[in-house]
Structure formats: structure tokens, C-alpha cells
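Participant: Structure below; questions to follow.
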Amino acid sequence: MTNLPRWFDIGVLPLVNLALALLATAVVVALVGEDPLEVLAVLLQGAFAPSSLGYTLYYATNFIFTGLAAAIAFQARLFNIGAEGQALLGGLGVALACLSLETALPGLIVTLVAIAGAASFGAAWAAVPGWLQAYRGSHVVITTIMFNFLASGLMVWLLSGPIMRAGQGSPQTRLFGETVRLPALHDIAHTLGFEVARSPLNLSFVFALLASTAVWVLIWRTKFGYALRAIGHGEEAARYAGIPVRRVVVAVMAISGALAGCMALNEVLGAQHKLVLNFSAGYGFTGIAVALMGRNHPLGILAAGLLFGALFQGGAELNFEFETITHELTLVMQGLVILFSGALAYMFTPWLARLLLTQRPDHG
Amino acid sequence: MGSRFLTIVAMLWALATGMAFAEEFKPAVVYDLGSKFDKSFNEGVWNGVQKFSEETGIKVAEFQIVNETQREQAMRRLVERGATMVIAVGFSQADALDAVAADYPDRQFAIIDVSWLDRPNLRQYVFKEHEGSYLVGIAAALASKTGKVGFVGGMDIPLIRKFHCGYLQGARSANADIEVLQAMTGTTPAAWNDPTKASELARSQMDRGADVVYHAAGRSGIGVIQAAADAGMLAIGVDSNQNGLAPGFVLTSMLKRVDVATYQTLSDGLAGTFSSGVHSLGLAEDGVDWAQDEHNAGLLTDELTAAVEEAKDAIIAGNIVVHDYMSDSNCPD
């Protein structure tokens, strides 16, 4: 690979790829008989108008958490595709804390326990594949995806039996009490004296920003982060340098799982206020694309998470506005973005590099 | 002066159009997770919508949700865009619809597969799937030569266990020694959309001796019917009439008339006769039934038809009470 300046890799390349994805989308949209510019306008309006921005940021919160989860594992060259299952377990941690403690303890303490529950359940669910990889050589790709199925099986069993809300047929728990919820941002704003549109956006968004900062510090400013990146660059060399590779691998997987589990804060503790089946709804898998697009860097992930949040929210608005644009077409749009910025990320690198280098001969 | 006059005219105009708008009937449907064209549950609703739109020329706004958050968001957006009636498909929409119905008391709401809500502007439909499943259980037991029948469910949730439990009771009533094999296609929503796995499960049940297999697995069930046709065995369809999917190999179908519920709600809304409350549709209300048509006429012996019809009459008369799994999360064994 050519040695491109970092600002180019993080800043310019994703934008070029995004533009190409939008161009390809425009062709598809034109083919089904709509005006691409009009569709783009509705998409942007639907994602960033004051009434919808909350939803966009709410979806972005999910993507930031799962994106960070994938990225930190990638940095150690571990492919954690189990964010889906880890998020489900995180939700279970939240639900168990809330359902069992909410009458016994003050709301704030239960909420803190629920947050710890989300992180620790997610971490535990990822640490097992991590341990199997480090000490028994079972590939983490296989085991994490298996653990997704185990997680959904466990959830079905629990939610249609032991923790199902009595007196109804839907596989979900009862609603948590009013005291053990993460406050919604429109409520916080109301208390502070100004009004914003109602949305499921809640305090988790702030947690996502904090988590991004923490991940950056962890990867680039700590000894542990150095060990993690060393493993990512070459496991043998890292071992030779005296890094306890096995222990670091388990720890990285646990941290990755904890981040994925925290997605449940947004969904379960922040928005639904109950545990429902499959609240993870594919966010875990999309997180991989978010990490790829964000180049495994927290800042990039914030931007990519926001982009996917906007595509999610704006895409839903398209379904309302245009009859010909169904949910499947918005999926195509998201797929194109992932294709261009993930799979084909470096397709244009050689050409762009040549363009760049001819203008800056000192790099030649 | 002129500008004030214009303002008043504008206000009157807004008022007049606003009133006309309020009188107009603008229905909307929110489908459940999964595909609208699943050949089964969602599609049943769509059939009801189609019938209504064709007869009245009134367009019905539709939305397919893809995640939990969108449920309430979609309903609110539809109402804000002027929908006067919102029909939600599936029990998963219950909490979202309840919240929206509370915020918009002047709009009408209806939901299918839910009975536990309570709002003056909310109509609920539940179906006695256990009664219909009981009938096809009898049919399966009488058509079986091996004394073994199968059941392939979709996602392992209480609603599907209700189908299984009714089927089990029906089969037992016709043949006390019958063995009923049971399998579910999965634990994720993909379970509704996995015909390959469903056909594998059906095949494995047939390998173990089952010669009639009933499915309650949404789109996956197509795999069960295919597997039965390939092996020369019999399948039983669900929700919509699936007898024609493999004529000669589908013994019958357990009909769940969500299309009737949808059509009824839309028609009542249009006629101004919308009412709230719980509508529980069983055999007596034609909400569930077993399917007899030209495709399965050759498969049904007189004896079988007589036995099923007799049980149907007995259930309607109240002489047979089929246990509902969801009443106590338990199936009598």
C-alpha cells in the first residue's frame, strides 16, 4: 500500500467513497423513476430536520457503541462479529438489574447497577470466545458468531418463559419503573428551560461520546493499548517483546464485548424501558461496517456512526414520502455505502495517490 | 385593513379545509417485522387492505418497520401526516400502539393478535388458533397411516406453542396413541424466513415416521410443503389457504382470517361504525377454519371430513373446549 498522509486516509478517502456510493444510489433511484436530487433532499431533511435529528443521533448512538466494539478488536487484529449477541446479553444485564432491584434500592443506584450489568454481561459473553481463541486456538470469528445464536436462543427461552410479562402473549419483560430509566434528552432540555422535539434520544448518547474518548485514550495513550496494537501488527513479535499475548487477547475481547453490551443502555434502559426480543436488530453487524468506514479510529467512528444514523432515519422518511422507495431500496442504499467505503475502500487509492503525489513532488 | 382581511380569509380557509380533512377517512397499516409478502400472516392483512382499496378506491398508507424504535415513530408519523385510522399488525406493536392511541384520542386504532390493552379508541383482534389447529390435528391423525405426525413451528414463542398445543390436542382426540413430533425453525426472526431449514426439519420428521406435517412458520413453511411434496407425504398449511401451493400434497390449511379482521376494521371506519373492544375470532365467528377446496378434495375421505366437521360443531356448541396454551403457558399432556 502506498504511504499516504494520515489526513488523506481518514479525511478524504471516506468522503470520495461516500460520494461514489451516493452517485450509484442516484442511478438506482433514477431507475425506479424518482428524481435523485429530490430524494436526497428528503433524505437530508428526514435525517437532520429539528424533529428528526433526535432519531438520527439515537441510531448513531447504537452504531457508535457497536462500531467501537468492532474497532478495538480490529486494532488487535481480532474479528469480533459477536456484537449482536453481546448487545443482547447487555440488555439482559440491564433487565435483570432493573427487574430485581428497582423496588429495593433507590433509582440512581439501580441505574448504575444496570449500566454495570450491561457492560459486564457483554464483556463476559465476549471473553469466553476470547479465552477460547487465546488458550485453545478456536477461531474467534467462528465462536463469536456461534455465540450470537446462543444469545438469541437464551433470550427466546427467558422472554417466553421465566422473565416474560404475565398476562400477555408477547415475548418481552414488563416495563421498568419510572425511576430506573436513562433520562430522554427532550426531558433534560425541558428541565433546563427549552423545548426540543420528542425523540428516543437519551443520556446514552453522552455515554457513547465518553466511550469514544476512553477508547482513544486506551488505544493510543496507555501501555495496554500499546500491547494491543503490537499484537495487531504481529502477534509473534509482540510475544517476543514480552507482551502477555493471551491475557491481552482475552482482555481486548472483554472490552469489545462491554462496548457492544453498552448498546443496550440506549435501546433497553434509554428507549424501550423493557427487554424485547431482538432489540439488537442488526446494529451489531452494521457496527463492523461503521468501524471499517471509520478506519478503526474513534473520531472516524463518530462520523461513520452519524452517517449510518442519518441513513437509517432519513431512509425511513423516504418510505413515507415516496411510494416507489420501499425499505428494500434504502437497504440497497446502505449496502452501497458499505460496499464503497468498506469492501472497496482502497480501490481508488492508487489513482488518488498519483493525483496527490504529482502535486506534491517532495513526497515522490 | 387589507392584510387583516386576508388573514381572516386565510384562517377561514384553513378551518374549512381542516374540517373537510377531519371528515375524510385516511387509513394506514403498520406491518410487523419481516416481509409484507410472507404468503402468510402479514400478507393476509395486505389481502384485506387490497380488497378494501379495490372496492372503495380509498388508498391505505402502509409502512413496514425494520426495528423496535420505528414502531412508535411510524405510527406517530402516520397520524401526524393525517391518518385517521392506524391498524397495527402483530403483538409486538402493542406497547407502541397503546402509547400513540393514548396521545391521539380522536383517531381510531386497531391491532391484530393482542387482547390485553384497554383504550376507548382501540379495537383489538385475537384469533383462537388453538381451535383451528385442533381441527387440522384431527385431520392429520386420521390421514396418518404410521401413527406419527409432525409439527414445524417458526420462532419458538408462546403464540406458536399455542398452534402446537391445539394441534396436539386434536390429534390425540382422534387417536390416543398418536405420536406428535415437534420442531421449531429457530430463535431469531430469521426463523420466519428460512424455508430450507423448515424443509430439513420436516424431512427429519418424515424420516422418523411422520407422514403428515403441520407448519406454523410463516414463509419458512413453504419449505415444509415442498419437502412433503418431494417425499410424497402430506403437509398442512397455515394462516392463508395454502392448499394450492402443492395440490395433492397439502391435506388442508388452518385458516386464520386476518384479512377479514382488516377488511372489517377498514369498512367499519369508513361507515362510521368503528367500535373499540376485543374481538376474539374463533370457529364460531369464522375467524379460524380448515380449508376445503378443489386442491385437497381428493385427499379428504368422507370419514375424515365428517370427524372434523363434527368436532367443529362441538367446539362451536361448547361441547369441546380446546385448551389455550397462552391462558396458562402450559399444554396439558
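Participant: Looking only at the stretch B:104-125, count how many residues are among the hydroxyl-bearing types (Ser, Thr, Tyr) and part of a loop (DSSP other than H, G, I, E, B). Before the answer, list the steps.
Facilitator: Narrowing the stretch B:104-125 to residues among the hydroxyl-bearing types (Ser, Thr, Tyr): B:104, B:115, B:125.
Right, trim to part of a loop (DSSP other than H, G, I, E, B) and you get B:104, B:115.
So the count comes out to 2.
Participant: Which one of these does B:PHE109 not meet: (1) more than 14 Å from every other protein chain (Cβ to nearest Cβ); (2) touching a residue at least 40 places away in the same chain (Cβ under 8 Å); (3) of a type in the set (Phe, Trp, Tyr)?
Facilitator: (2)
Participant: Quick test of your reading of the structure: A:GLU321 fulfils all but one of (1) within 12 Å of chain B (Cβ to nearest Cβ); (2) under 20 Å from A:LEU20 (Cβ atoms); (3) at pLDDT below 85. Name the failing condition by number.
Facilitator: Of (1) within 12 Å of chain B (Cβ to nearest Cβ); (2) under 20 Å from A:LEU20 (Cβ atoms); (3) at pLDDT below 85, only one is false for A:GLU321: (2).
Participant: Is it true that some residue in the stretch A:310-317 is away from chain B (no Cβ under 14 Å) and not charged (D, E, K, R)?
Facilitator: Going through the stretch A:310-317, the residues away from chain B (no Cβ under 14 Å) turn out to be A:310.
So of that shortlist, the ones also not charged (D, E, K, R) come out as A:310.
Checked against the condition, which is being away from chain B (no Cβ under 14 Å) and not charged (D, E, K, R), the stretch A:310-317 yields at least one hit.
Participant: If you don't mind, there's one more thing I want to ask. Scan the stretch A:241-285 for residues that are of a type in the set (S, T, N, Q) and more than 14 Å from chain B (Cβ to nearest Cβ) and jot them down.
Facilitator: Scanning the stretch A:241-285 gives a single hit, A:SER256.
Participant: What are the residues in the stretch B:112-131 that are more than 14 Å from chain A (Cβ to nearest Cβ) and touching a helix residue (DSSP H, G or I) at 6+ places or on another chain (Cβ under 7 Å), if any?
Facilitator: Once the filter is applied, which keeps residues that are more than 14 Å from chain A (Cβ to nearest Cβ) and touching a helix residue (DSSP H, G or I) at 6+ places or on another chain (Cβ under 7 Å), the stretch B:112-131 yields B:ARG119, B:ASN121, B:LEU122, B:ARG123, B:GLU131.
So that you can scan it fast, the table gives a plain yes or no per residue for (1) more than 14 Å from every other protein chain (Cβ to nearest Cβ); (2) more than 24 Å from B:VAL321 (Cβ to Cβ); (3) in a helix (DSSP H, G or I):
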position: B:THR146; (1), (2), (3): yes, yes, no
position: B:VAL149; (1), (2), (3): yes, no, no
position: B:LEU159; (1), (2), (3): no, no, yes
position: B:LYS162; (1), (2), (3): no, no, yes
position: B:LEU168; (1), (2), (3): yes, no, yes
position: B:ALA191; (1), (2), (3): no, yes, yes
position: B:GLY209; (1), (2), (3): yes, yes, no
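Participant: Related question: Can you find even one residue in the stretch B:274-283 that is among the hydroxyl-bearing types (Ser, Thr, Tyr) and assigned to a loop (DSSP other than H, G, I, E, B)?
Facilitator: Looking only at the stretch B:274-283, we keep the residues that are among the hydroxyl-bearing types (Ser, Thr, Tyr), and these are B:275-276, B:280.
Next cut, assigned to a loop (DSSP other than H, G, I, E, B) only: B:275-276.
Among the residues of the stretch B:274-283, at least one is among the hydroxyl-bearing types (Ser, Thr, Tyr) and assigned to a loop (DSSP other than H, G, I, E, B), which makes the answer yes.
Participant: Got a sec? Which of A:ALA104, A:ALA30 is aliphatic (A, V, I, L, M), over 18 Å from the mean Cα position of the chain (by Cα) and either closer than 30 Å to A:ARG354 by Cα or outside the structural domain of A:LEU132 (by TED's automatic domain parsing) (or both)? Before the answer, list the steps.
Facilitator: Values: A:ALA104 fails: either closer than 30 Å to A:ARG354 by Cα or outside the structural domain of A:LEU132 (by TED's automatic domain parsing) (or both).
Exactly one of A:ALA104, A:ALA30 is aliphatic (A, V, I, L, M), over 18 Å from the mean Cα position of the chain (by Cα) and either closer than 30 Å to A:ARG354 by Cα or outside the structural domain of A:LEU132 (by TED's automatic domain parsing) (or both), namely A:ALA30.
Participant: Okay, moving on. Of all the helices (runs of 4 or more DSSP H) wholly in the stretch A:86-195, which have at least 3 residues that are within 14 Å of another protein chain (Cβ to nearest Cβ) and of a type outside the set (Val, Ile, Thr)?
Facilitator: Output list reads A:140-159.
Participant: Okay, next question. Select, from A:ALA281, A:ALA291, the only residue that is touching a residue at least 40 places away in the same chain (Cβ under 8 Å) and of a type in the set (A, V, I, L, M).
Facilitator: A:ALA291 is the lone residue from the list that is touching a residue at least 40 places away in the same chain (Cβ under 8 Å) and of a type in the set (A, V, I, L, M).
Participant: Another question, if that's okay. Can you find, within the stretch B:161-182, the residue that is farthest from B:GLU131 (Cα to Cα) among those that are surrounded by 19 or more Cβ atoms within 10 Å (Cβ to Cβ) and of a type in the set (Gly, Ala, Ser)?
Facilitator: Filtering the stretch B:161-182 for residues that are surrounded by 19 or more Cβ atoms within 10 Å (Cβ to Cβ) and of a type in the set (Gly, Ala, Ser), the one farthest from B:GLU131 (Cα to Cα) comes out as B:ALA174.
Participant: Within the set of pairs 6+ apart or on separate chains, which have a first residue in the stretch B:263-279 that is on the phi > 0 side of the Ramachandran plot and modelled with pLDDT under 95, a second that is surrounded by 10 or more Cβ atoms within 10 Å (Cβ to Cβ) and among the charged types (D, E, K, R), and C-beta atoms under 9 Å apart?
Facilitator: Sorted first by the residue in the stretch B:263-279, then by its partner, the pairs are B:GLY277/B:ARG123.
Participant: Out of the residues in the stretch B:301-333 meeting the condition of being touching a residue at least 60 places away in the same chain (Cβ under 8 Å), in contact with a Leu (Cβ under 8 Å, 6 or more places away or on another chain) and assigned to a helix (DSSP H, G or I), tell me which one is farthest from the other protein chains (Cβ to nearest Cβ).
Facilitator: Ranking the candidates gives B:GLU303 first.
Participant: Would you pick out the residues in the stretch B:171-189 that are out of contact with any Leu (no Cβ under 7 Å at 6 or more places or on another chain) and more than 14 Å from every other protein chain (Cβ to nearest Cβ)?
Facilitator: Hits for the stretch B:171-189 are B:ALA171, B:ARG172, B:SER173, B:ASN175, B:ALA176, B:ASP177, B:ILE178, B:GLU179, B:LEU181, B:GLN182.
Participant: A further question on this structure: If you go through the stretch B:37-82 one residue at a time, how many are at pLDDT below 90, away from chain A (no Cβ under 11 Å) and assigned to a helix (DSSP H, G or I)?
Facilitator: 4
Participant: When you check A:ASN296 against the structure, is it assigned to a loop (DSSP other than H, G, I, E, B), away from every other protein chain (no Cβ under 14 Å) and surrounded by 18 or more Cβ atoms within 10 Å (Cβ to Cβ), yes or no?
Facilitator: Answer is yes for this residue.
Participant: Conditions: (1) assigned to a helix (DSSP H, G or I); (2) away from every other protein chain (no Cβ under 14 Å); (3) within 15 Å of B:VAL258 (Cβ to Cβ). B:ILE87 meets all but one. Number of the miss?
Facilitator: The number of the failed condition is (1).
Participant: Would a scan of the stretch A:225-237 turn up a residue that is aromatic (Phe, Trp, Tyr) and surrounded by fewer than 17 Cβ atoms within 10 Å (Cβ to Cβ)? Break it down stepwise before answering.
Facilitator: Step one: list which residues in the stretch A:225-237 are aromatic (Phe, Trp, Tyr), which gives A:226.
Now narrow it down to the ones that are surrounded by fewer than 17 Cβ atoms within 10 Å (Cβ to Cβ): A:226.
Yes, the stretch A:225-237 contains at least one residue that is aromatic (Phe, Trp, Tyr) and surrounded by fewer than 17 Cβ atoms within 10 Å (Cβ to Cβ).
The values are calculated or read from the model by the stated rules, or taken from the named source; none is laboratory data. Because the structure is predicted, anything quoted here is derived from the model rather than measured. Positions of Cβ are backbone-derived with ideal geometry, glycine not excepted, and every protein chain shown enters the neighbour counts.
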